[in-house]
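Undergrad: This is the structure, below, for whatever I ask next.
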Amino acid sequence: MTILCTTGHQRTSRPGSPPTVAGGFTLIEMLVVIVIMLVLMSVTVAVINISLDGERVRSGSRQMQSLLMGARDRAIHHRLPRGVRFEIDPSSPPARPVVRSMVYIGASRNWSQGSITVHRNPVNNGLPDLIRGEFTEWFVLRYGEDLDQDGTLDSGEDRNGNSLLDLGPLVDGARIKLGSRWYTITTTALLSVNNQWLRISPPLVDPLPTDEPYQAVPNRPIAARFADGDYEMTLMPRVLPSAQPLELPPGVVLDLYYCRLPNTMWLQKGYRYRDIMFSPRGSVIGSTAAAGVIHLLLNDQVDVISGRAPWVVGNEGDKRVVSLFTRTGNVSTSELFPGEVALGVDIDRNGTIDAAGPRNLYYYAEVGEVSE
């Protein structure tokens, strides 16, 4: 017996023939329709999810662009150094650190306590370019909590009990005023067993004469001494009092491993933040300025956790590049360049379609193609 669904009305057949049902559907037909609707719904949901993933990354790139431009505007308006601090996520893979939040920062008050001695450098033609602080806080000022300088928080090094490895407030590229001139400090110049030496550039040109007897360090005679208040040394920026951290959209991270960063220090393990500072003129200052251009890659956290490179097949979400031009302070966003092979176009017009790879990731950013 056939099961029929009726629409609630019948049509009378010709005389002598049994009545027929009008407008009915069989159960099989209804099941087919339901299956088709489910398939269409699945496709629609998938397309919506892809669109939402792309929008999350695009939204994150707009947030980061706005934050960097906001720091630049603040520096120009207040006529003081301002910047952005990128906080390393402690739960990110050690070999692939990521950033989920950022915050506005400003310049700290200069350090002028204790005394500074300038020594001649035996490996640099005897020029006076080595400095050392003659005060108890010097080592902490220089290295923070990493007393043995191994990049990890060891037993007894957590001075403030926050379970994080805190940097010393003296950073690479800091400046120091000795006498009437400013010098640049290089904290990576480790020139002694105890690594307590810093190097200044250019070498000291106006040493102060002194009549006080000081015991010279072997092979490093003292060229000058600057007492408490006779010098100024810039320290690490601080978070502005009214600033609130800006969180990237859920599932979106700044993938530092595939960024084009100012230097390798940005990827060094153990440290929990990195800073970009703007001068009152709007340009990037400090050691970061030497990079010329910085490319920051916003990625989907699923791809980072899975260890996928940005250009391989199977990536979960969209990618965006936020580019900062250090000389001008300008910020732009662009799409990730998929490579000439993916596009099938000889972009650089060298006669061949070059293989896609890491060297091509920021091509759009460098030629000025801006994303929507």
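Undergrad: For the structure I just gave you, tell me whether G70 is at pLDDT 90 or above, in contact with a helix residue (DSSP H, G or I) (Cβ under 8 Å, 6 or more places away or on another chain) and among the small types (G, A, S). Talk me through it step by step, then tell me what you get.
TA: Values: at pLDDT 90 or above: yes; in contact with a helix residue (DSSP H, G or I) (Cβ under 8 Å, 6 or more places away or on another chain): no; among the small types (G, A, S): yes.
So G70 does not fit the description; no.
Undergrad: Starting from residues that are of a type in the set (A, V, I, L, M, F, W, C) and assigned to a loop (DSSP other than H, G, I, E, B), keep the ones in the range 77-122 and report whichever is farthest from V171 (Cα to Cα).
TA: Top of the filtered list is A95.
Undergrad: Could I ask something else about it? Within the group A290, A224, A216, which residue is under 20 Å from R327 (Cα atoms) and at pLDDT below 90?
TA: A290
Undergrad: Another question, then. Hey, H77 hits all of (1) over 30 Å from I200 (Cβ atoms); (2) under 22 Å from the mean Cα position of the chain (by Cα) but one; which does it fall short on?
TA: That leaves (2) as the condition not met.
Undergrad: Can I ask one more? Would you mind stating whether T136 is among the β-branched types (V, I, T), over 17 Å from D255 (Cβ atoms) and modelled with pLDDT of 85 or more?
TA: So T136 does not fit the description; no.
Undergrad: Going through the range 277-287 one residue at a time, which ones are β-branched (V, I, T) and either surrounded by 23 or more Cβ atoms within 10 Å (Cβ to Cβ) or in contact with a helix residue (DSSP H, G or I) (Cβ under 6 Å, 6 or more places away or on another chain) (or both)?
TA: V284 - this is the single residue of the range 277-287 that is β-branched (V, I, T) and either surrounded by 23 or more Cβ atoms within 10 Å (Cβ to Cβ) or in contact with a helix residue (DSSP H, G or I) (Cβ under 6 Å, 6 or more places away or on another chain) (or both).
Undergrad: Yes or no: L297 in contact (Cβ under 8 Å) with a residue 40 or more places away in the chain, in contact with a Lys or Arg (Cβ under 7 Å, 6 or more places away or on another chain) and in a strand (DSSP E or B)? It would help to see each step written out before you state the result.
TA: Numbers: in contact (Cβ under 8 Å) with a residue 40 or more places away in the chain: yes; in contact with a Lys or Arg (Cβ under 7 Å, 6 or more places away or on another chain): yes; in a strand (DSSP E or B): yes.
It is true that L297 is in contact (Cβ under 8 Å) with a residue 40 or more places away in the chain, in contact with a Lys or Arg (Cβ under 7 Å, 6 or more places away or on another chain) and in a strand (DSSP E or B).
Undergrad: Something else: Output yes when any residue across the range 235-248 is out of contact with any strand residue (DSSP E or B) (no Cβ under 8 Å at 6 or more places or on another chain) and not hydrophobic (A, V, I, L, M, F, W, C), and no when none is.
TA: Yes, because at least one residue in the range 235-248 is out of contact with any strand residue (DSSP E or B) (no Cβ under 8 Å at 6 or more places or on another chain) and not hydrophobic (A, V, I, L, M, F, W, C).
Undergrad: Answer with yes or no whether T44 is surrounded by 11 or more Cβ atoms within 10 Å (Cβ to Cβ) and at pLDDT below 90.
TA: No: the conditions fail for T44.
Undergrad: Could you count how many residues in the range 196-213 are within 30 Å of M265 (Cβ to Cβ) and either at pLDDT 85 or above or touching a Phe, Trp or Tyr at 6+ places or on another chain (Cβ under 8 Å) (or both)?
TA: Total meeting the criteria: 8.
Undergrad: Restricting to the range 300-338, give me the number of residues that are among the aromatic types (F, W, Y) and either touching a Lys or Arg at 6+ places or on another chain (Cβ under 7 Å) or at pLDDT below 90 (or both).
TA: The qualifying residues number 2.
Undergrad: Consider the range 237-262. How many of its residues are under 10 Å from S101 (Cα atoms), touching a helix residue (DSSP H, G or I) at 6+ places or on another chain (Cβ under 6 Å) and in a loop (DSSP other than H, G, I, E, B)?
TA: 2
Undergrad: Collect the residues in the range 83-114 that are basic (K, R) and closer than 17 Å to I294 by Cβ, keeping them in residue-number order.
TA: R85 - this is the single residue of the range 83-114 that is basic (K, R) and closer than 17 Å to I294 by Cβ.
The values are calculated or read from the model by the stated rules, or taken from the named source; none is laboratory data. Just so you know, these numbers come straight off a predicted model, no measurement behind them. Note that each Cβ is placed from the backbone with ideal geometry, even for glycine, and that neighbours are counted across all protein chains shown.
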